[in-house]
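The values are calculated or read from the model by the stated rules, or taken from the named source; none is laboratory data. Just so it is clear, the structure is predicted and the values come from calculations on it, not from any experiment. Every residue, glycine as well, gets a Cβ built from its backbone with ideal geometry; the counts of neighbours run over all protein chains shown. All accessible areas refer to the heavy atoms of the entire protein, side chains included, with ligands and DNA or RNA removed. Shrake-Rupley method; radii C 1.70, N 1.55, O 1.52, S 1.80 Å.
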Amino acid sequence: MNLTHRPRRLRRDGVRSLVSEASLDASDLIAPVFVDATTDERQPIPSMPGHERVPVEEAVDRVAAVRETGVEAVMVFGIPEAKDEIGSRAWADDGVVQRAVRAITDETDAYVITDVCLCEYTDHGHCGVVEEGVPGDPTLTVKNDETLDLLRETAVSHAEAGADMVAPSSMTDGMVGAIRDGLDGNGFAEVPIMSYAAKYESAFYGPFRDAADGAPAFGDRRHYQMDPANAREAMREVALDVEQGADVLLVKPALPYLDIVSGVREEFDHPVAAYNVSGEYAMLHAAAEKGWLDLEAVAHESLLSIKRAGADLILTYFAEDVAERL
Ligand code: PBG
C-alpha cells in the first residue's frame with residue numbers, strides 16, 4: 001500500500017511534541033485561593049477536594065504553597081466576617097481581601113488578582129444592590145447602576161491593598177468602565193482589569209457557592225448572568241468590555257463553553273482567559289473517586305482542551321496539581 005498521507009507518521013514519540021499545537025505551562029495558570037475571616041482554622045471544602053478556606057493569618061502560607069508548584073498567579077476570594085444589605089465589607093480597608101492581599105504582597109512574589117463582586121458580602125447573596133421589596137420575592141432584581149459605585153470602590157480598595165490586577169465578576173453593565181475610572185482616578189492606571197466578560201448563569205458554580213458562601217438567598221442570577229443558550233450575545237458582551245478598557249477577557253465556565261472561548265479568541269486580539277469552574281473540578285473528582293476516570297489524565301486533558309480552544313490563561317482549581325507534574 002502506497003499512501004501519500006499518513007498522519008500517523010507524526011504521532012510517534014520524539015516527533016509528537018515537536019508538532020503539538022497546544023501545551024500547558026505553569027505560567028499560564030491561576031490558582032484560586034479562599035480566605036475566610038470567620039475562622040481561625042483551615043476549613044476543608046467538601047465539594048472541592050484538596051481545597052480549603054484559610055484564615056487571613058494563613059493566606060501567606062497558602063500562597064507560598066501555590067508558588068512552590070511553579071504557579072505564579074493567584075485569584076483571591078474572600079469570605080467576610082459579616083454581611084449586610086449592600087455588602088459593605090467588600091470595600092472595607094480592614095476587609096478580609098484587603099488584609100490578605102496586604103500580607104500576600106508583602107511576603108510573597110505571587111501575582112495577586114482579586115475577584116471584585118458583592119455576592120459573598122451581601123446578606124441576600126446577590127452580586128449587587130437589590131430593589132426594595134419583600135424579601136423572599138423571587139422577582140426582586142439587582143439594581144445595575146447603583147451597584148457600579150460599590151464595585152468601583154471595592155476595586156480601588158483592592159488596588160490600595162496591593163492587588164496587581166482586579167477581576168470584576170458581577171456581570172453589571174458598565175462595570176469595567178466604572179472600575180477603570182476609579183483606578184485611574186486614584187493613581188492605579190497601571191492596574192489591569194480582567195473582566196469576566198462572558199459569564200453564564202451556570203449550574204456548574206454550585207460547589208463554589210458552598211465554598212464562598214455566596215448562594216443567593218432568594219431568586220437566581222438569570223437577570224444578570226448570561227443565558228447558556230446564547231453565543232452571539234457573548235461577542236456583544238465582550239465588545240462592550242473591550243470598549244470600556246478591559247485588558248483580559250474571561251469566559252466562564254470553560255469546558256461547556258469552549259465554543260465561546262474559541263469565538264472570543266477569533267474576534268478579539270486581547271488575551272483570553274477561561275475559568276475552569278468549581279463544578280468542572282468537582283465532577284472529575286467525583287468520577288475519579290468512584291474509579292471511573294483517571295484524575296490526572298482527565299485534568300490534564302481538560303486544561304489542554306481549554307488552551308486548544310484559544311485560552312491564553314486558565315483559572316483552575318487544578319492549577320497546583322497539574323503544575324506540579326509538568
Ligand atoms: C462571584 C463568583 C462566582 C464564581 C466566581 N466568582 C459565583 C457565582 O457567580 O455564583 C464561581 C466560580 C466557580 O464556580 O468556580 N460572582
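Being away from the ligand (no atom under 16 Å from the Cβ) and either of a type outside the set (Asp, Glu) or under 26 Å from ALA73 (Cβ atoms) (or both) is true of ALA239. For ASN230, the conditions (1) assigned to a helix (DSSP H, G or I); (2) more than 16 Å from the ligand (Cβ to nearest atom); (3) open to solvent by 40 Å² or more (accessible area, probe 1.4 Å) all hold with the exception of (1).
Residues of the stretch 254-286 that are closer than 20 Å to GLY50 by Cα, of a type outside the set (Val, Ile, Thr) and open to solvent by less than 30 Å² (accessible area, probe 1.4 Å): TYR275, ASN276, SER278, GLY279, GLU280, TYR281, ALA282, LEU284, HIS285.
Listed here are the residues, each with its yes/no results for (1) of a type outside the set (Asp, Glu); (2) closer than 26 Å to GLU301 by Cα; (3) open to solvent by 70 Å² or more (accessible area, probe 1.4 Å); (4) modelled with pLDDT under 95.
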{"position": "ASN2", "(1), (2), (3), (4)": "yes, no, yes, yes"}
{"position": "HIS5", "(1), (2), (3), (4)": "yes, no, yes, yes"}
{"position": "ILE30", "(1), (2), (3), (4)": "yes, yes, no, no"}
{"position": "ASP61", "(1), (2), (3), (4)": "no, no, yes, no"}
{"position": "ALA64", "(1), (2), (3), (4)": "yes, no, no, no"}
{"position": "ALA73", "(1), (2), (3), (4)": "yes, yes, no, no"}
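Please verify whether the stretch 185-199 includes one or more residues that are within 25 Å of GLU131 (Cβ to Cβ) and over 14 Å from the mean Cα position of the chain (by Cα). No, that holds for no residue.
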